């Protein structure tokens, strides 16, 4: 388990190190963002994601119950 | 491991982050490059292939384990990971066709990588046909595992090597920059901050779904043997 924690921390820290360098872009405002409708897209996608994860989580619980019997 | 929850929470958080910030992160628009906003597909289309490679990789490892140990559980793992890999491959192909329709003018351009991935997926479909055609479970597992190894190694010439050797609409082909996955010049560090978590998040979600199928199969097997 200790080895796994170390591998995961290395991965997380490498991603964070890239984030630190991310200060170099001239932003181009997308059409959907400038008229505020991008938030609709995000809301739709997040709803789908929440629904998917809720379903998979419930499946997991159901299977765990079956395994414990 | 497959019943622990920390990596499942991680998958949820990573994907929530990808699907929200992925739409807000500024994307570069260098002159002459027609990608613009569609480059955001890097957070959705490309991770399908990354997750597929991981699933097929895990599948072939379990196939080899089965051949060495004859342990039926190893074959269940190999079979289910191959199944999820194929689902991811089909999703990658279809999302790629949607993207291509608007970016390259047609859903199918006979591009080297499109053809290559279609062939690779057909080879994996044949794995399921092969298993289905055999009655005896032990034969299914043994012959299936051997074919699994062949199918895995066929991924490399079809998806990674041949698309680099010819002119290709995908990055990395003859005369263009980058590798067949992405062109580093099309992305920026601020995009990579979303892209790598997206790779990990989508992969973890597909692993979660696969482990659920595996657990059901293991329960099935236990019932058949003791019930």
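Read the figures in this text as sums done on the coordinates, not as results from a lab. Everything quoted here is computed from the prediction, not taken from an experiment. Methodologically, a virtual Cβ is constructed for each residue, glycine included, from the backbone with ideal geometry; neighbour enumeration extends over all protein chains shown.
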Quick calc: nm separation of the 7 Å Cα→Cβ label points for residue B:70 and residue B:149 -> 1.7 nm
Relative to chain B, whose Cα atoms define the longest principal axis, helix B:6-24 and its Cα axis are tilted in degrees, nearest 10, by 20 degrees
With only helices counted (DSSP H, runs n ≥ 4, each -39500 (n - 2.57)), the per-residue ellipticity at 222 nm for chain B, to the nearest 500, works out to -24500 deg cm²/dmol
Scoring chain B by relative contact order with C-alpha pairs under 8 Å, at least six apart, yields a percentage of 31 percent
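Using a Förster radius of 30 Å, what is the FRET efficiency between residue B:1 and residue B:102 based on their Cβ-Cβ separation? Nearest 0.05, please.
In this case the efficiency is close to 0.15.
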If B:170, B:226 are placed from fewest to most neighbouring beta carbons inside 10 Å, the sequence is B:226, B:170
Between the Cα axis of helix B:189-226 and the main Cα principal axis of chain B, the angle (0 to 90°, nearest 10) is 20 degrees
Listed residues B:12, B:24, B:153; largest mean-square fluctuation, Gaussian network over chain B with Cα springs below 10 Å, found at B:24
Taking Cα atoms only, helix B:137-155 is inclined relative to the longest principal axis of chain B by an angle, in degrees rounded to 10, of 20 degrees
Counting every C-alpha pair in the protein assembly as shown, the percent lying more than 29 Å apart is 42 percent
Taking a ≥ b ≥ c as the square roots of the Cα gyration tensor eigenvalues, with a/c under 1.5 meaning rounded and otherwise prolate when a/b beats b/c or oblate if not, chain B comes out oblate
Shielding of B:188-196 by other chains, given as the mean Cβ count within 10 Å, works out to 5
Residue separation between residue B:128 and residue B:156 times 0.36 nm, minus their alpha-carbon distance, gives in nm 8.1 nm
